[in-house]
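Quick note: the coordinates plus some simple rules give every number you see, no bench work behind them. Bear in mind that the values here come from a model prediction, so they are computed numbers and not experimental data. Methodologically, a virtual Cβ is constructed for each residue, glycine included, from the backbone with ideal geometry; neighbour enumeration extends over all protein chains shown.
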Amino acid sequence: MGILEVKSVTKSFGGLKALSDVTFDVKQGELLGVIGPNGSGKTTLFNVITGYYRPEKGSIWFNGENIVGLKPFQIAKKGIARTFQIVRPLSSLSVFDNVLTASLLRESNMHRARERASEILKYVGLSDKREARPSELTIADRRKLEVARALAIEPRLLLLDETLAGLLPSEIDLTLKLIKSIQANGITIIMVEHVMRAIMSACEKVIVLDHGEMIAMGTPVEIARDKKVVAAYLGAEYQLA
Amino acid sequence: MKRQQLVLRKSKRFNVFLLVTVILCLVPQLGVGTYILRILILSLVFLIATSAWCLISGYAGQINLAPTMFFGLGVYSSALVARHLGLSPWLGLLIGPLLAASFALIIGFPLFRLHGAYFALATLAVGEILYYVMVNGVWFSGGTVGLQIPFTPKVLFVDFNDIYSQYYFILVLAFLSTYILYRIAMSRLGYYFMAIRDDEDTAMSMGINVLKYKEVAFCLSGFFTGLAGAFYSNFLLYVEPSMAFGITPALTIVIMGILGGADAILGAWISAPLLTFIMEGLRLLFGAAGAYDLFTLGILIILIILVIPRGLIRLVTAAKI
């Protein structure tokens, strides 16, 4: 039994099926990659798991409990944290206060919550920017802030939505290190990503979405060889490379 | 380093608050007349309402254009308790805040289905509805003529024949109210309110029940605004719809809030006395009939938003003292 089980989840917007009959599961401590072309339903999948959208059909089991119908804040309390693809910091608060606010979910004592927020900022490497406004940060640092805020609610499952997009190669390596270290701390991770290099090196298992359907699931190597995946997403050049 | 500066800035704000309180404590000893004291009493009433407005509108980001919906309930509860139940109008100080907070809780459910400007417009509508309830409910509210409040000379240790006694009473009330609101704003609640103001989706992802905390902010704001209103009518000894639910007290509170700094509870300690004296001075100069005070209020809104959008308190605390 996995920590998260998604069973035949369907979500449509008007006539468009953003997710159709998607089924997969994630095991405790696993790092699952989600890939697929733009508009294939990756972010919708995250929004459905975290309660921002309610699926028409299907069930989502977290720790053996069906979480469909719960509100986003209830799901966060249960231990699922997320980052947003387009970063959404609390823009008028400092970097430190962003993380502090999230820490207050598990630690209502202000003093201890401050200590916790400091630890997390140190962990993701934002200590020296703690008093900066989110708008003053580089793209890479804004992504780190998203991760820091998600970690501050002490999740058991972390959903990362394109945390590596738009980063320089050197920044990608650093952030990947961070993600692996989070996994090593026992937090299960699902990451939506376009950076194939990252997916290939980091994930144990990958699922591929196309037009809302899950067209493949397997190890990164299996996925890279899958004809349907190559046709829908990777392109012929990828196989050559 | 920056952290120290921030703490320093916050403690500076608190020093401003203490300084103004000390000055206000000393004012009666300077031999100023009853007239000045009356103006100061009125400014302290609005100071409480303004601090409470800052909590819901400055911190939680839900712009309430009619804080008078709470203020007016406080104003009328003193009068209604006295006229219809034959009790001391000073019971209004207890009933007013509770009534206003309960009203906030109930009206919050439909209001918080709206966001941004739509929420703000709806608050204005609620204020207007309450205004016309009082105008038309002649049998209980006295309509536009209003109600007189019987004078109670002494309640507990406060002697209401004595303006000094009244003055210190409202000063203590204002000090305690803003101190409590300030502590709330610095606590976990304050951070949750700001998270909701900045981004509701992000707030939810942090496990924050957005509707619940909006309601909490609204109720707290209602409670203290109702308290201010209940004292107001006990001081003036009469009530009528426009002083309670009218547009002038509503705008006064909103502008004092923005002038002091909407996201700084203690800003009201600068803006409320200042604005009260400015408006009173204009009324003296031009008379109340021309509504020059309101004219000035309008100009002030534009100037504040253009020149010091984040409020006077930041000008004061940014100065190198």
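Over all directions, the projected convex hull of the C-alpha atoms in region A:92-154 averages 3.6 nm² in area. Spherically averaged projected area of the convex hull of Cα atoms, region B:1-157: 13.3 nm². The length gained on full extension between A:Arg133 and A:Ser108, counted as 0.36 nm times the residue separation minus their Cα-Cα distance, comes to 6.6 nm.
Estimate the FRET efficiency between A:Gln85 and B:Phe109 by the formula 1/(1 + (r/R0)^6), using the beta-carbon distance for r and 30 Å for R0, to the nearest 0.05.
0.40
Among beta bridges from DSSP that stay inside the protein assembly as shown, the antiparallel ones total about 60%.
When N is the residue count of the protein assembly as shown, what does its C-alpha Rg come to as a fraction of 2.2 N^0.38 Å?
1.17
Within chain A, what's the longest stretch lacking GluC sites (Glu not before Pro) that sit in DSSP loops with no more than 16 other Cβ atoms inside 10 Å?
A:57-130
Can you grab the distance from the C-alpha centre of region A:99-165 to the C-alpha centre of region B:66-127, Å, no decimals? When both Cα centres are located, 39 Å separates them.
Label-to-label distance for B:Tyr35 and A:Ser118 is 5.7 nm, based on points extended 7 Å past Cα in the beta-carbon direction.
Annotation: for a label point projected 7 angstrom from Cα along Cα→Cβ of B:Val133, residues of region B:41-72 with backbone N closer than 18 Å are B:65-72. If R0 equals 22 Å, the separation of the Cβ atoms of A:Ser201 and A:Lys27 corresponds to a calculated FRET efficiency of about 0.70. Straight-line cross-link partners of B:Lys214 among the aspartates and glutamates, defined as a Cα under 16 Å from its Cα and at least 8 positions apart when in the same chain: B:Asp198, B:Asp199, B:Glu200, B:Asp201, B:Asp263. Dividing the radius of gyration of the alpha carbons in chain A by their Kirkwood radius gives 0.97 for Rg/Rh.
Going 7 Å from the Cα of B:Ser187 in the Cα-to-Cβ direction, what parts of region B:40-81 have a backbone nitrogen less than 20 Å from that spot? The answer is B:48-62.
What number, in percent, do you get for the relative contact order of region A:124-214 if the mean sequence gap of Cα pairs under 8 Å and at least 6 apart is divided by its residue count?
On the way: 64 pairs, mean separation 24.9, N = 91.
Dividing the mean separation by the residue count of region A:124-214 yields 27 percent.
Sorted from greatest to least, the principal axis extents spanned by the alpha carbons of region A:161-207 come out as 27, 22, 17 Å. Stretching the chain fully between B:Phe151 and B:Ala291 yields a gain of 47.4 nm (0.36 nm per residue, less the alpha carbon separation). With a 10 Å cut-off around each Cβ of A:123-131, the average count of Cβ atoms from other chains is 1.
Taking the inverse of the mean reciprocal distance over all distinct Cα pairs, the Kirkwood hydrodynamic radius of region A:59-176 comes to 14.8 Å.
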